[in-house]
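Beneath this line is the structure, given in structure tokens, with notes to follow.
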């Protein structure tokens, strides 16, 4: 199976920078997860359910800049609607968040 993307395919994926402004346990998710509220600047606030509990505590996430896909359709996760997909590197149950190494404006596009 060929997994080669065209540049046009990649441009369809909107990966944006955002800052986590709230984090709490998602008790209604099937697997351990946090409900994150993320500030994407001009795009506004979006919620995400993120399975990042192995390496992060909610209080450690506040103010952390992350990268997320913001143009997937909303998805029901337990009792909440996830509006974006937070990106991370997966190693078994551990997910390490993708973060810019310098502070940047919320909502900037990754290309």
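Each value in this text was obtained by applying a stated rule to the coordinates, not by laboratory testing. Model, not experiment: these values are computed from the prediction. Here the Cβ is made from the backbone with ideal geometry for all residues, glycine too, and neighbour counts use every protein chain on show.
Only Cα pairs within less than 10 Å get springs; with that Gaussian network setup on the chain, which residue of 24, 14, 42 has the largest fluctuation? Among 24, 14, 42, the largest GNM mean-square fluctuation belongs to 42. Please work out the Kirkwood hydrodynamic radius for segment 1-51, using every pair of different C-alpha atoms, and report it in angstroms with one decimal place. After inverting the mean inverse Cα-Cα distance, the result is 13.2 Å. Each peptide among 34-41, 68-75 gets the average number of other Cβ atoms lying within 10 Å of its residues, and from highest to lowest they stand as 34-41, 68-75. Considering only alpha-carbon pairs that sit under 8 angstrom and 6 or more positions apart, the relative contact order computed for the chain is 31 percent. For a Förster distance of 22 Å, can you work out the FRET efficiency between the beta-carbons of residue 25 and residue 89, rounded to the nearest 0.05? Calculated value: 0.45. The fewest-to-most ranking of 82, 28, 48 by surrounding Cβ atoms within 10 Å reads 28, 82, 48. Give me the Debye-computed log₁₀ of I(q)/I(0) at q = 0.12 Å⁻¹ for segment 7-97, equal point scatterers on Cα only, no solvent, two decimals. After summing over all Cα pairs, the log10 values are -0.34.
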